[in-house]
Number of protein chains: 2
Amino acid sequence: MRTAFLRLGAYIMGGCVMVFLPLAAGSADDDAAPIFGIRLPAGYRDWQLISVAHEAGKLNDIRAVLGNDIAVKAYREGTRPFPDGAIIARLAWEYVSSAENDAVFGQTQSFVPGSPTNVQFSVKDSKKFADTGGWGYGQFEGGKPNRSEELMITCAPCHARVSSDHDFVFTRYAP
Amino acid sequence: MRTAFLRLGAYIMGGCVMVFLPLAAGSADDDAAPIFGIRLPAGYRDWQLISVAHEAGKLNDIRAVLGNDIAVKAYREGTRPFPDGAIIARLAWEYVSSAENDAVFGQTQSFVPGSPTNVQFSVKDSKKFADTGGWGYGQFEGGKPNRSEELMITCAPCHARVSSDHDFVFTRYAP
């Protein structure tokens, strides 16, 4: 699995990405994320909470990670690798200071979501996405997939740097 | 409603809190939060997401706000005041730097939940909690109510400082 990732990385470095990437779905589909063919999962905003995070630096967002039933069950029971059908949704918003809350507290302390930035999905399908650790990826903005292949080819190599003990997933469950 | 809050505040200032507070349930109940009698709502960890936040300063936590079906529906439809039966859950964890994530990103940027600190609930019952804007409050640690009355009397006066347009609720819905 790691070998596949490294091979993918090497191809990216070598500049011959398009030929060797796992083309899971027709890339002409405007509703699907490129390369992996992920579509926006219906009802994902209703999914249960896995965890939250703040990414500082260039991203500077605040985020929630939700999961469909398969993903949340696997998280809670510690099932790794995640079973096929698991989907993890990462919602992110601009990280903004809440003037309204701070006025009540009398100091700058409250940071809350501003405008949504994007929603990313990790979809587990060990056969379809065998070359990328069993995971396919997609990013959506305003309900539409980001169509940049340059962006999408960065997902798998980065997740490959997470320990395989965690099945290449960054987020841990927050009880 | 604001008058009731102010009156409560004045009583607190005056040091004669116990006589005038809304004693909604027997305070001898070890499973119930003092003053308001709130019990830990079953299954709250499965509720849908309202928003997330980071509170810096003395609290220094990262948090998720979840709602039961009545609360989430009211948030999404903009129904104010919230209908009776709405419950808002605020989960908080220590705000910690993720060494594991930062190692992948090559810089300190990722802040994630550490140990849980406490879970707070706002329960809407316009009759039972009429003296505190229709809301009762409770704080739980490790599944058990915090039994400090000194703590619990701070909830309503602070929420009273949020605009009544928002029905005395701090958190806004993050789409």
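List of remarks:
- Restricted to region B:45-72, and to residues there that are more than 7 Å from chain A (Cβ to nearest Cβ) and touching a residue at least 60 places away in the same chain (Cβ under 8 Å), the residue that is surrounded by the most Cβ atoms within 10 Å (Cβ to Cβ) is B:V65.
- For B:E141, the conditions (1) surrounded by 21 or more Cβ atoms within 10 Å (Cβ to Cβ); (2) within 14 Å of another protein chain (Cβ to nearest Cβ) are fulfilled apart from (1).
- Considered as a group, the residues in region A:104-138 that are within 19 Å of B:I50 (Cα to Cα) and among the aliphatic types (A, V, I, L, M) include one that is farthest from the other protein chains (Cβ to nearest Cβ), and that residue is A:V119.
- Positions within region B:129-141 being touching a Pro at 6+ places or on another chain (Cβ under 8 Å) and part of a loop (DSSP other than H, G, I, E, B), in sequence order: B:F129, B:G134
- Candidate set: region A:148-172, residues that are in a helix (DSSP H, G or I) and surrounded by fewer than 18 Cβ atoms within 10 Å (Cβ to Cβ); chosen: the one farthest from the other protein chains (Cβ to nearest Cβ): A:E149
- Annotation note: of A:P113, A:P83, the sole residue that is surrounded by fewer than 16 Cβ atoms within 10 Å (Cβ to Cβ) and either in contact (Cβ under 8 Å) with a residue 12 or more places away in the chain or of a type outside the set (F, W, Y) (or both) is A:P83.
Quick note: the coordinates plus some simple rules give every number you see, no bench work behind them. Since the structure is predicted, the reported quantities are computational estimates derived from the model, not experimental observations. Every residue, glycine among them, receives a Cβ derived from its backbone with ideal geometry; neighbour counts consider all protein chains shown.
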